[in-house]
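The values are calculated or read from the model by the stated rules, or taken from the named source; none is laboratory data. Everything quoted here is computed from the prediction, not taken from an experiment. Note that we place each Cβ from the backbone using ideal geometry, even for glycine, and neighbour counts take in every protein chain shown. What goes into the accessible areas is simple: the full protein's heavy atoms, side chains included, and nothing from ligands, DNA or RNA. Shrake-Rupley method; radii C 1.70, N 1.55, O 1.52, S 1.80 Å.
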Amino acid sequence: MTEVEDGLWYYEVPMAAGANQYWFYVDGDTNYMVPDPANAPIWSPNSPANKNAYNAVYVPYHEKQDYAPMQARVAENPRATEKGTWSYVPFQIGEDTHYIGVYLPYGYDADREEPYKTIYMQHGGGQDESDWMGIGSVQNIMDNLAAEGRTEPAIIVTPTTNNNMLGSTRDGYANLFNEIIPFVEANYNVSTDPMDRALCGLSMGSMNTQNIINANTEAEKFGYYGPWSGGMSVRADAAGIEYAHILFAGGYADFGWSPNSNVQNLIDQGVKATAITVTGAHDFNTWCQMFRIYCEDYLWNPAAFHECSTESFTDVPAYGNWAHEGIDYAVANGLMEGTGNNKFSPEGTLTRAQLVTILYRVEDEPAVELKGTFSDVAADTWYSKAVEWAEANGIVEG
């Protein structure tokens, strides 16, 4: 850093769009990440005084970045309007007072006829209930997605594993099921249906999430899980696994995740699972993206966890490759069919006829009149109706 004047220092560094984490080391002490007193994080009363900092600065997207995943990260930035509320709520387990972070979506109605769905978020090692609510930006992401109709508003709960708050692996995390979830359901308007509950975790929290999948009975399970950046330890024979919908994920530079993790092995054994990999490492650059993608594309959507539909093709990239999931989705939803001889031709050129046919199928192939608009499109071709539809809707002009 360069000292501009007494007490004022300057340093310039490129930053990603969305939430960015920073801290200070004072006098060379790298054992303690000091928070910025001018931008102090809101920690739980349970957070230790020497907790490592996670000051957040929120960066807008600039077109010079020219990268769609970067642009999508603006969902991590706080909104000016239609914002939910969040706080740390105390409750007792025996004689011990604990805190959970609770986010209530904008317009939360304690008397709403349809109870809200709930997402329980697990932190990583050395963290606590305040990290997902801080640099994790879960409240900002939910605000933005819900306001734009990109996900269903839900209540977010962030318990901690510290002080044995969840209970131990040996007892099947009894406190989670016997204390925390009943407390939430008694104090907030939330559904008691397991299919309206999700459990996500990063790093150590991913391991806890997978332990919970493996350890608990069908009646106690969540319907949706998000184990991120914590390897793969889910057992295909876990009790009630047939009711679970699991999104494994991590970053390309993430030591807790491999894009080649054998999720397909679980799928082959009947587990409803899928996996994605994003640009990022073992940090909140990855985990903020994971939460947004999870809420937008996977939560409350069982169809997103379908069995692999591309296994009959011999040239589709392996599971975990960036293209596999998109190809699988297109085939499963009847948008594409392959090119014959058990080939999908992922590196092939998309023709104009194929493009309008895909768009036509997205719209469920509405009825059209074959008017012979174009002299080089015969009425009996496989793409004739799609071309007529595309021309009528201003998508192509010839």
Next on the checklist: For region 332-374 and region 36-86, what is the centre-to-centre distance using only Cα atoms, to the nearest Å?
Outcome noted: 41
Checklist entry - Over all distinct alpha-carbon pairs, what is the Kirkwood Rh of region 82-230 in angstrom? => result 15.4
Checklist outcome for this item: With all protein chains in place and a 1.4 Å probe, E63 shows an accessible area in Å² (nearest 10) of 150
Checklist entry - If you count the DSSP beta bridges with both ends in the chain, what percent of them are antiparallel, to the nearest 5? => result 45
Checklist entry - What does the helix-only formula give at 222 nm for the chain: each DSSP H stretch with n ≥ 4 adding -39500 (n - 2.57), the total divided by the residues, and the result rounded to the nearest 500 deg cm²/dmol? => result -5500 deg cm²/dmol
Item to check | Neighbourhood net charge (12 Å Cβ-Cβ; Lys/Arg +1, Asp/Glu -1) for K385 | outcome: -4
Item to check | Nearest 10 degrees, 0 to 90: helix 138-147 Cα axis against the chain principal axis | outcome: 40
Checklist entry - Looking at Y67, M232, N20, which one has the Cα that reaches farthest to the positive end of the dipole of the chain (charges on Cβ: Lys, Arg +1; Asp, Glu -1)? => result M232
Item to check | Dipole-positive endmost among F291, A154, G394 within the chain (Cβ charges, Cα centre) | outcome: F291
Next on the checklist: Please list the three semi-axes, largest first and in whole Å, of the ellipsoid equivalent to the chain, using sqrt of 5 times the eigenvalues of its alpha carbon gyration tensor.
Outcome noted: 41, 27, 21
Next on the checklist: Give me the net charge for the shell around I358: Cβ to Cβ below 14 angstrom, other residues only, Lys and Arg +1, Asp and Glu -1.
Outcome noted: -1
Checklist entry - Given the options M204, M195, M33, which has the most mean-square fluctuation in a GNM of the chain, springs set between C-alpha atoms less than 10 angstrom apart? => result M33
Item to check | Environment charge at Q139 (Cβ cut-off 14 Å; Lys +1, Arg +1, Asp -1, Glu -1) | outcome: -2
Checklist entry - When the distances between all Cα atoms of region 331-393 are binned every 5 Å from zero, what whole-number percent does each bin get? => result 3, 17, 26, 23, 16, 10, 4
Next on the checklist: Compute a Gaussian network model of the chain, connecting alpha carbons closer than 10 Å, and tell me which residue from A323, A304, A49 fluctuates the most.
Outcome noted: A49
Item to check | By average C-beta atoms within 10 angstrom, highest first, the peptides 71-80, 249-258 | outcome: 249-258, 71-80
Checklist entry - To the nearest whole percent, what portion of all C-alpha pairs in region 245-398 is separated by more than 22 angstrom? => result 53
Item to check | Peptide ranges 231-239, 383-391 listed from the most packed, as the mean C-beta count within 10 angstrom indicates | outcome: 383-391, 231-239
Checklist entry - For region 102-161 and region 245-264, what is the separation of their C-alpha centers, rounded to whole Å? => result 23
Item to check | GNM top mover of T373, T161, T277 - the chain, alpha-carbon springs below 10 Å | outcome: T373
Next on the checklist: At 1.4 Å probe size, put V13, V368, V278 in order of accessible surface, largest to smallest.
Outcome noted: V13, V368, V278
